[in-house]
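This report concerns only the one structure given below.
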Amino acid sequence: MQYSRPVDRRRLLMAGGALGITAAAVPLLTAQAQAQAQAPTVSGGPSCTRVTDLGPGIEQFALMSALRIGDTVYIGSRNLEPTRVLAFHLPTRKVVAQTVLGVGHSIQALAADSTGRYLYAGILTKGDEGKPNLFRWDLTTPDEPAVGVGRTEDRDIRDLAVAPDGTVYAVGGFPGKAPALWRYDPATGKVIKLGVPDPKATLARAVAATDTTVFFGAGSVLSGGEGASRASLYAYDRAAGTFADVTPPEMEEDPSLRDLLVAGDRLVVSTSGSTEPAKLAVMDLADLSSYVVTTTTGKVVKNLTADGDTVCFATDTGLYSYATGTGVTTPIAFDGDLGEVWGLDAVDGTLTVVSGYGFVGELDPATGRAVVTDLGEAGAPVTPQTTMGIAADHRYAYVGGNNGIARHDLRTGKVVNLRAPGEAKDAHVLDGVLYTGQYSSQGMWTYDPLKGGQPHQLADFPAEQNRPLDVCYDPVNELLLVGVQSDTEGGGSLWTYAPGTGRKAAHINPVDANQLVRAVATRDGVAYLGGDNPTAQGPRGTIVAFDPVAGRELWRLDLPGSLTTGTAALAVHGRHLYGLTRKGGFFVVDLTIRRVVHTADHRAVCPGFAAMVTSRGVVYGVSDTTLFRFHPKTFAVSIVIPEINGAWYSGPHVNADHRGRLYTMRGHHLVRVDDRPVF
């Protein structure tokens, strides 16, 4: 649903000059390169910088989980601060209660005990060391806040299950560690690690429990490749404390188990697909070797719910029902766009669907009729969200969020939320038309404000090339270029798309089998690709010059010393390619001689992920903390806005309009920066 709001205030700040910081070169070059390098320690000189506050980047009630208990649907927030759980009352179609958890950024896991009294919530955190990531809300006293009851060492909780006796089981993950099965005992109040059944898994996303057994589903949906395991299902014997691998062989090629459901005497299992479609299995709890596997048409099967002998589920292509008696899968009609489904419950022949678009649908599968209630209109708090890609032209600026893109009218200040499933990781405006790289496995989407309507998919690409990261335009070849990561297979790709002809291509692993394409820049029809590697093994930070038309490598450059920490961002100015690493290393490559001619350590302003853009003959960069620029001749760094501290979800972004004005985030607000340095 679209909604609009006027910008209630606009703040214009004037800064007479930018603060400078020392840009000391680090000894990473060969003697020949050092002789050519220029590494002065002065800033870029005075400037006039105007900063215009354009209001919150994107406002919505974004969500990531939902569970129906009785006549109330409980909904967990996504990328909102503070985190919270809402209670949506179906008879009145109103939000009747909420509890603020205040830890982490999202709530992906909700589960209730058999009595319906206690609701447990698992948190996706940002570190939050020492704070609980498992909460319990007593639904008999909804005005009392949920209480943190424990913490798993895996940091992120992706799924929860409550056994009939009230014992809680949790799974999730932590970067660089194999996921474990965790148990919370309400009687003792302790959280205990029960073991790591799959040491090669990178993430566990599914858990289910009976009186005797806990089922643990894992795989490599993040940081795949390089020997990471595929879909795995383990049965944990609660009495013996042992794990047994019970994965159906037909599912082992999929990257990850996605969902589990105990339905009577059956265990229902689903996967996330990659190079193959996702699968659904129905297993006999008394004999797990007895099962039936069905291949679906979607990339993921999730939100399993049972209604008698029928199992309903959501995929990226819609809702479906599966008859366990006949093995027949049938689409469930819905008049509209469900987007990303995060809640599905079947009760008395009716489905309750909770969409990432921020609505609850009450659906009659027999007729396809539905009543849809917008959560914002029902009383959910509509607040600023952490953001993703940014793009702008003379009329509109766009800010990506979850399942939505905010369109800011730069003339009137009006903001409209557009619908787009998944996440607009990065974007570019060309001739007034918006183009986005859409996560996950959504390919490229587009929106033309002159035609109205909603964004739509423009081009799809191989499903395993699922995470677009950087979008730029090659004016020589008239191609949009997108750098991509493959979460499940490792490596990545370069997408190309010609807006004039519709021709598209995907060049798989142009750097190598391990390095994704974190950043893309272009000059004279050549694409420059910045490699990165999320695994602990193999090279990272390789720069590749690539012909995007012929689809072939022209040359490559392995960066020296501590610059091999993975590329964060690239930009081109003149004959120089500028680059930042994920640990604040800075380098400049002279493209005419294909050598590094300057390096520096900029961790003080760029401690991690970054983005860069060339505007008005100057390369600008933004990090999680700072907006800065580089001197076009000396490469010295100067601060444009200190402590900008943008509220980013998946790394900072900065873009420029046709006049060279920059757009980025300061806190949760979109800002326009008109910077005119004097060199």
Looking at (1) outside any loop (DSSP other than H, G, I, E, B); (2) more than 22 Å from the chain's Cα centre (by Cα); (3) on the phi > 0 side of the Ramachandran plot, which is the one condition that is false for Val360? (3)
Strands (runs of 3 or more DSSP E) within segment 163-216 that include 1 or more residues within 12 Å of Glu153 (Cβ to Cβ): 168-173, 181-185, 190-195
Qualifying residues in segment 429-438 (those that are buried (at least 24 other Cβ atoms within 10 Å of the Cβ) and in contact (Cβ under 8 Å) with a residue 40 or more places away in the chain) - the one farthest from Leu494 (Cα to Cα): Leu434
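In this structure, does Asp316 turn out to be at negative phi and more than 22 Å from the chain's Cα centre (by Cα)?
no
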Return the residue satisfying two criteria in turn: it lies in segment 634-651 and is part of a loop (DSSP other than H, G, I, E, B) and on the phi < 0 side of the Ramachandran plot, and of such residues it is farthest from the chain's Cα centre (by Cα). Thr634
Provide a single number: the residues in segment 513-532 that are among the charged types (D, E, K, R), in a loop (DSSP other than H, G, I, E, B) and over 26 Å from Val476 (Cα atoms). 0
Test set (1) modelled with pLDDT of 95 or more; (2) more than 26 Å from Arg78 (Cβ to Cβ) - Thr565 fails condition number: (1)
Can you tell me which of Thr488, Thr501, Thr496 is under 21 Å from the mean Cα position of the chain (by Cα) and either buried (at least 18 other Cβ atoms within 10 Å of the Cβ) or outside any strand (DSSP E or B) (or both)? Thr488
Failed criterion for Ala206 (all others in (1) touching a Gly at 6+ places or on another chain (Cβ under 6 Å); (2) farther than 23 Å from Val293 by Cα; (3) touching a residue at least 40 places away in the same chain (Cβ under 8 Å) hold): (2)
Number of the condition not met by Ser321 [criteria: (1) among the polar types (S, T, N, Q); (2) assigned to a strand (DSSP E or B); (3) more than 24 Å from Leu80 (Cβ to Cβ); (4) out of contact with any Cys (no Cβ under 7 Å at 6 or more places or on another chain)]: (4)
I'm trying to understand the selection: among the residues of segment 342-373, which are within 22 Å of Asp309 (Cβ to Cβ), buried (at least 16 other Cβ atoms within 10 Å of the Cβ), in contact (Cβ under 8 Å) with a residue 40 or more places away in the chain and among the β-branched types (Val, Ile, Thr)? Thr352
Across segment 384-399, what is the number of residues that are within 15 Å of Ser106 (Cα to Cα) and over 15 Å from the mean Cα position of the chain (by Cα)? 1
Residues that are under 24 Å from Arg258 (Cβ atoms), part of a strand (DSSP E or B) and modelled with pLDDT of 95 or more: does segment 411-420 have at least one? yes
Condition (residue is within 24 Å of Pro56 (Cα to Cα) and touching a Phe, Trp or Tyr at 6+ places or on another chain (Cβ under 7 Å)) applied to segment 358-367: is it met by at least one residue? yes
Which members of segment 442-459 meet the condition of being assigned to a loop (DSSP other than H, G, I, E, B), in contact with a Gly (Cβ under 8 Å, 6 or more places away or on another chain) and under 17 Å from Asp337 (Cβ atoms)? Gln442
Looking only at segment 565-593, how many residues end up being over 30 Å from the mean Cα position of the chain (by Cα) and among the small types (Gly, Ala, Ser)? 1
Tabulated pairs, segment 57-76, first within 15 Å of Phe359 (Cβ to Cβ) and surrounded by 23 or more Cβ atoms within 10 Å (Cβ to Cβ), second modelled with pLDDT under 95 and hydroxyl-bearing (Ser, Thr, Tyr), C-beta under 9 angstrom, 6+ apart or interchain: Gln60/Tyr3
Residue that is surrounded by the most Cβ atoms within 10 Å (Cβ to Cβ) [pool: residues in segment 270-286 that are under 11 Å from Ser256 (Cα atoms) and in contact (Cβ under 8 Å) with a residue 40 or more places away in the chain]: Thr271
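The values are calculated or read from the model by the stated rules, or taken from the named source; none is laboratory data. Everything quoted here is computed from the prediction, not taken from an experiment. Cβ sites come from the backbone with ideal geometry, for glycine too, and all protein chains shown count toward neighbours.
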